[in-house]
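Asker: Could you have a look at this structure, given as structure tokens, before my questions?
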Amino acid sequence: MTVEVQLLGGTANQGRVHRVGNTVRRPLRPTSAAAHALLRHLEEVGFDGAPRVLGVDEAGREVLSYVPGQAVTAPPPCWGLTDEALRSVGRLVRRFHDATADFDPSPYQWSPQVPAPFGDGGIAHNDLNLDNVVFRGGTAIALIDFDLAGPGTPVWDVAAAARLWAPLRDPSDVTDVRRGRELHRLRQFVDAYGLDAEGRAAFLPALRDSHRWMRDIVREGAADGVPGFAAYWTAEAEARAERARAWFESAADEITNAVT
């Protein structure tokens, strides 16, 4: 008998992702062909920080290889909030961007388009949330959940990841050991990634736009009745998103100084 174990994490696919032995079974999506092409490219170029595509099962679900390790799921473990964990995420994201530099996304249908000027010039994961990074021994070793991947500049991904991992939000909404260290951690993240001068100059606009882009995806998903999004997008979540937006403006100079 095949035993299926529901995996934690995720919003759009909440409750619909299962481990079966050394594989992961996930729902197919209109963008699955694009994500699979990207994952196959990563395999071809020797990038070891992503699952492998294994096919489709009898239930019509995509089959991916299971990546052993731990993700930073709520409540976040202490090891997932360390500066070394943060820096390792920056280094992993850089490896991902380097590995996708020569991937051609044009033949495929992708997730909602990243807005100009950040929509061309690379491939972005677009959902580098804490539970989408696999760790071993406190070090980030793989990215998972490529549902929102698509064309996007490196700084777009860096800004979105820093927003989640530093984290960059109103300090009243940071309730763990990272509180008060957001800008220090931001600098560590962009330095570990190796963000170039052009990317650092574009960081603040990318931060603003990526926050708005993700907020709209979640809000529209909730309005369309996607269960995970509907459960997440409460009045408090909306207020928290607005507090983050306002904080980006009030702390704009400090954020810019932290990355330049």
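Every number here is computed from the coordinates shown, using simple stated rules; none is lab data. Quick caveat, the model's predicted, so the values are computed rather than measured. For neighbour counting, all protein chains shown are included, and Cβ atoms are generated from backbone atoms with ideal geometry for every residue, glycine included.
Asker: Mind giving me the FRET efficiency for residue 91 and residue 57? R0 is 45 Å, r the Cβ-Cβ distance, nearest 0.05 is fine.
Answerer: Plugging the Cβ-Cβ distance into 1/(1 + (r/R0)^6) gives 0.85.
Asker: With Cβ to Cβ distances under 10 Å as the rule, what net charge do the other residues near residue 112 carry (K, R +1; D, E -1)? Each step should come with its number before you reach the end.
Answerer: On the way: positive: none; negative: 216, 220.
My count for the surroundings of residue 112 gives -2.
Asker: Can you work out the FRET efficiency for the pair residue 172 and residue 219, with r the C-beta to C-beta distance and R0 = 30 Å, to the nearest 0.05?
Answerer: About 0.90, to the nearest 0.05.
Asker: How high is the FRET efficiency between residue 70 and residue 249 when r is their beta carbon distance and R₀ equals 45 Å, given to the nearest 0.05? Kindly include the intermediate steps, with their values, before the conclusion.
Answerer: On the way: r = 36 Å, r/R0 = 0.79.
For R0 = 45 Å, the calculated efficiency reads 0.80.
Asker: Taking the Cα-to-Cβ direction at residue 2 and at residue 48 and moving 7 Å from each Cα, how far apart do the two end points lie in nm?
Answerer: If labels sit at residue 2 and residue 48, their model points lie 2.8 nm apart.
Asker: Where does the chain land at 222 nm, in deg cm²/dmol rounded to the nearest 500, when only DSSP H runs of n ≥ 4 count, each adding -39500 (n - 2.57), divided by all residues?
Answerer: Helices in the chain give a 222 nm mean residue ellipticity of -13500 deg cm²/dmol.
Asker: Mean-square fluctuation check for the chain, GNM, Cα pairs under 10 Å: which of 89, 45, 24 is largest?
Answerer: Looking only at 89, 45, 24, the largest GNM fluctuation is found for 45.
Asker: If you stretched the chain out fully between residue 197 and residue 104, how much longer would it get, using 0.36 nm times the residue separation minus the C-alpha to C-alpha distance? Mind dumping the intermediate values first?
Answerer: Details: separation 93, 0.36 × 93 = 33.48 nm, distance 2.52 nm.
The residue 197-residue 104 span can extend by a further 31.0 nm.
Asker: Continuing with this model, one more query. What ranking, highest mean first, results for peptides 250-256, 174-180, 185-191 when packing means the other Cβ atoms within 10 Å averaged over each residue?
Answerer: Highest to lowest by the protection proxy: 185-191, 250-256, 174-180.
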